[in-house]
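Data first, discussion second: the structure below is written as C-alpha cells.
The values are calculated or read from the model by the stated rules, or taken from the named source; none is laboratory data. As the structure is a prediction and not an experimental result, all values here were calculated from the model. Cβ sites come from the backbone with ideal geometry, for glycine too, and all protein chains shown count toward neighbours.
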Amino acid sequence: MCRNITTLRGLEPAATNGEIEAAARQYVRKVSGVQEPSSRTEEAFEAAARTVAAATLELLVDLPPRQLPPRTTPPLRRLRATGE
C-alpha cells in the first residue's frame with residue numbers, strides 16, 4: 001500500500017526521529033487521502049501522525065536486530081539529504 005515508505009528497521013546508523021516522523025506522515029497521508037492538511041483536517045492529521053510515529057518507534061525498539069540489512073542501504077532519502 002505505501003511503497004514509498006522506507007524500511008527503517010536495521011539501518012546503520014539507526015533511523016532518526018525525522019525519518020520515523022516522515023514515514024508516519026506518509027502513512028497518514030496515504031490512508032487519509034489528505035496530502036496537505038487544511039485548518040479542518042490539521043488537528044486530526046497531526047494527532048494521527050504523532051500516534052503512528054510513537055507506535056513505529058516502539059516497534060523498532062521492540063523488534064530483534066535484522067539478520068540482513070534493508071534492501072536499500074542507506075535509503076534514498078538519506079542520500080538526497082546528504083547531497084551524495
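Quick notes on this structure:
- Failed item, numbered, when Ala23 is tested on (1) within 22 Å of Leu63 (Cα to Cα); (2) in contact with a Pro (Cβ under 9 Å, 6 or more places away or on another chain); (3) hydrophobic (A, V, I, L, M, F, W, C): (2)
- Test: residue in region 33-40 that is in a loop (DSSP other than H, G, I, E, B), in contact with a Leu (Cβ under 8 Å, 6 or more places away or on another chain) and not polar (S, T, N, Q): no
- Residue match in region 38-57 (condition: touching a Lys or Arg at 6+ places or on another chain (Cβ under 6 Å), at pLDDT 95 or above and small (Gly, Ala, Ser)): yes
- Filtered residues of region 35-51 (kept if farther than 13 Å from Asn17 by Cβ and either surrounded by 12 or more Cβ atoms within 10 Å (Cβ to Cβ) or touching a helix residue (DSSP H, G or I) at 6+ places or on another chain (Cβ under 7 Å) (or both)): Gln35, Pro37, Thr41, Glu42, Ala44, Phe45, Glu46, Ala48, Thr51
- Yes/no for Arg25 being of a type in the set (Lys, Arg), in a helix (DSSP H, G or I) and surrounded by fewer than 18 Cβ atoms within 10 Å (Cβ to Cβ): no
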